[in-house]
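Asker: The structure is given below, and queries will be raised subsequently.
The values are calculated or read from the model by the stated rules, or taken from the named source; none is laboratory data. Because the structure is a prediction, the values reported are computed rather than measured. All Cβ positions, even for glycine, are placed from backbone atoms using ideal geometry, and neighbour counts span all protein chains on display.
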Amino acid sequence: MCGIVGAVSTRNIVPVLVQGLERLEYRGYDSCGVAVYAQDATPGLKRARSTARVAELAEQVATTHLEGTLGIAHTRWATHGAPVVHNAHPHFSHGTGLDAASKPGRIALVHNGIIENHDELRAALQARGYVFDSQTDTEVIAHLVDSLYDGDLFEAVKSALTHLHGAYAIAVFCKDEPQRLVGARAGSPLILGVGKDGQELFLASDAMALAGVTDQIVYLEEGDLIDMQLGKYWLFDKARKPVSPAQRPVKTVVAHSGAAELGPYRHYMQKEIFEQPRAIADTLEGVEGITPELFDQQMNHQPGANAARVFAQIDSVLILACGTSYYSGCTAKYWLESIAKIPTQVEVASEYRYRDSVPNPNTLVVTITQSGETADTLAALRHAQSLGMHHTLTICNVATSAMVRECSLAYVTRAGVEIGVASTKAFTAQLAGLFLLTLCLAQAKGRLSDAEEQRHMKAMRHLPAALQAVLALEPQVMAWADDFASCENALFLGRGLHYPIALEGALKLKEISYIHAEAYPAGELKHGPLALVTSSMPVVTVAPNDALLEKLKSNMHEVRARGGVLYVLADADTRIESGEGLHVIRMPEHYGELSPMLHVVPLQLLAYHTACARGTDVDKPRNLAKSVTVE
Ligand code: F6R
C-alpha cells in the first residue's frame, strides 16, 4: 500500500528517493511522486508525479533535472480520489486568495493512512480561502500546516496534528526551512534512518525503502513526532515529551534488497512459490524439539510475558487475521482442536474489532500477519487488549513490524521478503509456525507424548523435501491451467482440514486471474452451490486420503452427475483415476496432519499459470496492495 521516503542531506537526494520508491513498489500502488526544495535558478518546491510505474517517474525526474538536498517521495494506493496525477503525492499548499492555485507552494507533504475528519477540515480551510487541487484527504493536512505556519515548521505540524482524526504517517517540509524535515506517526508505521556519515537523515514507512542506503534504523512509536535537521534529530512522544535515544535506540536492521532479484523466474509469485522448501526449512531451523521458549523470541520482550507460564494458564485460543492469513488461522483451528484439544475461534480482524464479543482473560489471542502492518489486524489486537485479554502472540514474517512489537509473544517466520501481492510462501511458513504452536500448547496441556513429539518433528523435518516433490508437479498443473484460462467461474471443494485450503485456492485464483472462484466445504454442495454446476464450471477438489475421502467421493459423483468437470488433487494411495470429465493429479505422498501445507502448492501454481495464460499483472493484481495499512 502507500509508501513514504524522505531525506535531508547535503547531496542531491532525488536518486535515493526514487530508488526507495522502487524498493517499496512491492507493497502495491497506483501512482507515485517526488518533491524537493530546488535550489536552482528558480528556487522553490518542485515535484514530479506519475500514474505509471516508478520507472516512468525516474525518467521524468531525469528529463526535468529535478534535484535537491531536501525531499520527500511517495507511492499512493488510492482511497480518497481516483488514481490520477493531481491526486498523487506529494501535495503542496499554495496560500489563499483568488489566485491561490497559481501561487508558489510553501509546504510539501506525503501521507499514509486516512484522515477521517477531512471533510470538515477541508470546509474550514476553504472558508479561509484555501483552494484545493485534489480530492485527497492528504491535501487537507498540507493546507492545515500552511495555515498554522509562523516560521517554525515543527510547531506548525505539532499544532496541525491536534486537529487530525484518523491514521497517519506523514513527512513534511517547508520551502522557508530548506534543511528541515518533520515526520509524525499515529496508526501507520514510520522509521528514521541515520545515514552512514551521521549527517544524512531519512524517513521511511519501511526499512526496506532504505536497503543499501542505511541499516541504522530508529522505529518511531505510536504518536511520535520527529524534527530532523542535517545530522540532528529530536523525537517527542504522543504526550509531546522529549524522547531520549535510550527510549528509541538506533537498531541495525538488515533489510535485504537482494530478495528483489527475480533470477530465472518470470514473476516474483512464481519465485516465491518455488522458494517454499527453503522458506519452511529456514522457519523451522533451530527447532530441535517442542518447547514454549520458541515463542519467547522477539525484539522487545515484554517483562513477564513468558510463553511457558502463558501456555499453562490459557484455556482457549482466539485467532485474528485477514485474507490468506485468516485461512492459515482456519487451518490451525483444526490442529488446535484435534491435537491440543483447545477450543479455538478464528475471526476476520475487521469484523472482530467492531462487534460486541464476550472476552475471556484466559484466552491466548493469536494474530497472524505476513507484513505485521495490516491495519485491521493491529486494531483487532488492540481491541482484544482493551477488553482485558493480555495474553497475545503473533505469527508474523517481519521481525521489526508493529505487530511483533505489540504482542507479548511471537514466532517470526523466516519466509523472507514476499514481493508478489498474492501471498504464497508466507502462508505455508505461517502454517509451520501454527503447527509448532499447536504442539507447544498440546505439550503444555499434557497432551503430547514423547513418541508423538518425535513423530511430528520427523514429519516437519521432511517438509522441505516433500514440498520440492510437489513443486515437480508444475507441468501437470500447467495443463489444468490451460483449461481454466477460458473460464469465468470456478468452484473449489474441500472437507475438514482441507476446506481452508480450498478457500485459499479460490482466493489465489480470483485475486490474480480475476476468475470468479468460490470455495465450499464439499458437504455443503447440495445445500445450494450444486445449482451452479454445469459443464463450463470446473470444480477443483482437494481429496487427500483421510477419514473424509469416501464422503468426498460421493460429493464428486454429485458434480459428475450434473456434467461438472472435476480437477482432483488426490494422494498417492487414493484410488481415483482420471477419466471422462475427471482430471486427477496425484500428490507424491500422503502427509497426515501436515497435508494442507502440501496441497496448497498445486493450487498456488494453478492460480499462477492461469493468470499468466490470461495475461494479467500477476505480481501486482489490479486494485490490490501488498501491505494493507488502511482499514
Ligand atoms: C492474499 C493476501 C492477502 C493478505 C491479507 C493480510 O494473497 O496476501 O489476503 O493475506 O491482506 O495481510 P497480512 O498477512 O500482511 O496481514
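Asker: Inspect region 540-557 for any residue being modelled with pLDDT of 95 or more and either on the phi < 0 side of the Ramachandran plot or surrounded by fewer than 16 Cβ atoms within 10 Å (Cβ to Cβ) (or both) and give the result as yes or no. Spell out how you get there, then give the answer.
Answerer: So the first thing to find is which residues in region 540-557 are modelled with pLDDT of 95 or more, and the list is 540.
Going one step further and asking which of them are either on the phi < 0 side of the Ramachandran plot or surrounded by fewer than 16 Cβ atoms within 10 Å (Cβ to Cβ) (or both), we end up with 540.
Scanning region 540-557, I find at least one residue that is modelled with pLDDT of 95 or more and either on the phi < 0 side of the Ramachandran plot or surrounded by fewer than 16 Cβ atoms within 10 Å (Cβ to Cβ) (or both), so the answer is yes.
Asker: Now for a different question. From 169, 207, 184, 156, which residue is on the phi < 0 side of the Ramachandran plot and modelled with pLDDT under 90? It would help to see each step written out before you state the result.
Answerer: Working: 169 fails: modelled with pLDDT under 90; 184 fails: modelled with pLDDT under 90; 156 fails: modelled with pLDDT under 90.
Checking each option against the conditions leaves just 207.
Asker: Looking only at residues that are hydroxyl-bearing (Ser, Thr, Tyr) and not in a strand (DSSP E or B) in region 158-175, which one is surrounded by the most Cβ atoms within 10 Å (Cβ to Cβ)?
Answerer: The initial filter retains those residues of region 158-175 that are hydroxyl-bearing (Ser, Thr, Tyr), namely 159, 162, 168.
Pick out the ones that are also not in a strand (DSSP E or B) and you get 159, 162.
Details: 159: 16, 162: 8.
Step by step, filter region 158-175, then rank; the result is 159.
Asker: Restricting to region 422-444, name every residue that is β-branched (Val, Ile, Thr) and either closer than 24 Å to residue 513 by Cα or at pLDDT below 95 (or both). Explain how you work it out, then say what you get.
Answerer: First, the residues of region 422-444 that are β-branched (Val, Ile, Thr): 424, 428, 438.
Answer for region 422-444, where residues must be β-branched (Val, Ile, Thr) and either closer than 24 Å to residue 513 by Cα or at pLDDT below 95 (or both): 424, 428.
Asker: While we're on this one: Which one of these does residue 200 not meet: (1) touching a Ser or Thr at 6+ places or on another chain (Cβ under 8 Å); (2) surrounded by fewer than 22 Cβ atoms within 10 Å (Cβ to Cβ); (3) modelled with pLDDT of 90 or more; (4) farther than 24 Å from residue 107 by Cβ?
Answerer: (4)
Asker: Name the residue that is farthest from the ligand (Cβ to nearest atom), counting only residues in region 325-349 that are surrounded by fewer than 22 Cβ atoms within 10 Å (Cβ to Cβ) and of a type in the set (Ser, Thr, Tyr).
Answerer: Ranking the qualifying residues of region 325-349, first place goes to 338.
Asker: Can you tell me which residue within region 380-404, out of those that are among the aliphatic types (A, V, I, L, M) and modelled with pLDDT of 95 or more, is surrounded by the fewest Cβ atoms within 10 Å (Cβ to Cβ)?
Answerer: Kept after step one, since they are among the aliphatic types (A, V, I, L, M), are these residues of region 380-404: 380-381, 384, 387, 389, 393, 395, 398-399, 402-404.
Still in the list and also modelled with pLDDT of 95 or more: 380-381, 384, 387, 389, 393, 395.
Details: 380: 25, 381: 25, 384: 24, 387: 15, 389: 20, 393: 26, 395: 34.
Among those that are among the aliphatic types (A, V, I, L, M) and modelled with pLDDT of 95 or more, it is 387.
Asker: Which condition does residue 178 not pass, out of (1) touching a Leu at 6+ places or on another chain (Cβ under 6 Å); (2) surrounded by fewer than 24 Cβ atoms within 10 Å (Cβ to Cβ); (3) free of Cβ contacts under 8 Å to residues at least 40 places away in the same chain, if it passes all the others?
Answerer: (3)
Asker: Go through region 408-440 residue by residue and tally those that are under 12 Å from the mean Cα position of the chain (by Cα), of a type in the set (A, V, I, L, M) and either in a loop (DSSP other than H, G, I, E, B) or more than 13 Å from the ligand (Cβ to nearest atom) (or both).
Answerer: Here the count works out to 4.
Asker: So is residue 509 part of a strand (DSSP E or B) and crowded, with 24+ Cβ neighbours inside 10 Å or not? Before the answer, list the steps.
Answerer: Values: part of a strand (DSSP E or B): no; crowded, with 24+ Cβ neighbours inside 10 Å: yes.
Considered against the rule, which asks whether it is part of a strand (DSSP E or B) and crowded, with 24+ Cβ neighbours inside 10 Å, residue 509 comes out as no.
Asker: So, of the residues in region 358-380 that are assigned to a strand (DSSP E or B) and of a type in the set (Ser, Thr, Tyr), which turns out to be farthest from the ligand (Cβ to nearest atom)? Break it down into steps so the answer makes sense when it comes.
Answerer: Of all residues in region 358-380, those assigned to a strand (DSSP E or B) come to 363-369.
Going one step further and asking which of them are of a type in the set (Ser, Thr, Tyr), we end up with 363, 367, 369.
Numbers: 363: 20, 367: 8, 369: 3 Å.
Of everything passing the filter in region 358-380, 363 is farthest from the ligand (Cβ to nearest atom).
Asker: Quick check, is residue 616 part of a loop (DSSP other than H, G, I, E, B), of a type in the set (Ser, Thr, Tyr) and closer than 25 Å to residue 466 by Cα?
Answerer: For residue 616, the condition - part of a loop (DSSP other than H, G, I, E, B), of a type in the set (Ser, Thr, Tyr) and closer than 25 Å to residue 466 by Cα - is not met.
Asker: Here's a follow-up. Taking region 274-318 on its own, how many of its residues are polar (S, T, N, Q), modelled with pLDDT of 90 or more and assigned to a loop (DSSP other than H, G, I, E, B)?
Answerer: Narrowing region 274-318 to residues polar (S, T, N, Q): 276, 283, 291, 297-298, 300, 302, 306, 313, 316.
Those left that are additionally modelled with pLDDT of 90 or more: 276, 283, 291, 306, 313, 316.
Subset that is assigned to a loop (DSSP other than H, G, I, E, B): 291, 306.
Count: 2.
Asker: Can residue 62 be described as under 19 Å from residue 203 (Cα atoms) and not in a loop (DSSP other than H, G, I, E, B)? Let's see the steps before the verdict.
Answerer: Working: under 19 Å from residue 203 (Cα atoms): no; not in a loop (DSSP other than H, G, I, E, B): yes.
Criteria not met by residue 62.
Asker: Please state which one of 231, 258 is small (Gly, Ala, Ser), at pLDDT 90 or above and under 30 Å from residue 68 (Cβ atoms). I'd like the intermediate steps shown before the answer.
Answerer: Details: 258 fails: at pLDDT 90 or above.
The unique qualifying residue is 231.
Asker: Check region 592-603 and report whether any residue there is outside any loop (DSSP other than H, G, I, E, B), away from the ligand (no atom under 16 Å from the Cβ), of a type in the set (S, T, N, Q) and within 25 Å of residue 435 (Cβ to Cβ).
Answerer: Taking every residue of region 592-603 in turn, at least one turns out to be outside any loop (DSSP other than H, G, I, E, B), away from the ligand (no atom under 16 Å from the Cβ), of a type in the set (S, T, N, Q) and within 25 Å of residue 435 (Cβ to Cβ).
Asker: Sticking with this one: Could you count how many residues in region 377-401 are out of contact with any strand residue (DSSP E or B) (no Cβ under 8 Å at 6 or more places or on another chain) and more than 23 Å from residue 435 (Cα to Cα)?
Answerer: The total comes to 6.
Asker: Of the residues 608, 567, which is aromatic (Phe, Trp, Tyr) and assigned to a strand (DSSP E or B)? Spell out the reasoning first.
Answerer: Working: 608 fails: assigned to a strand (DSSP E or B).
That would be 567, the only listed residue that is aromatic (Phe, Trp, Tyr) and assigned to a strand (DSSP E or B).
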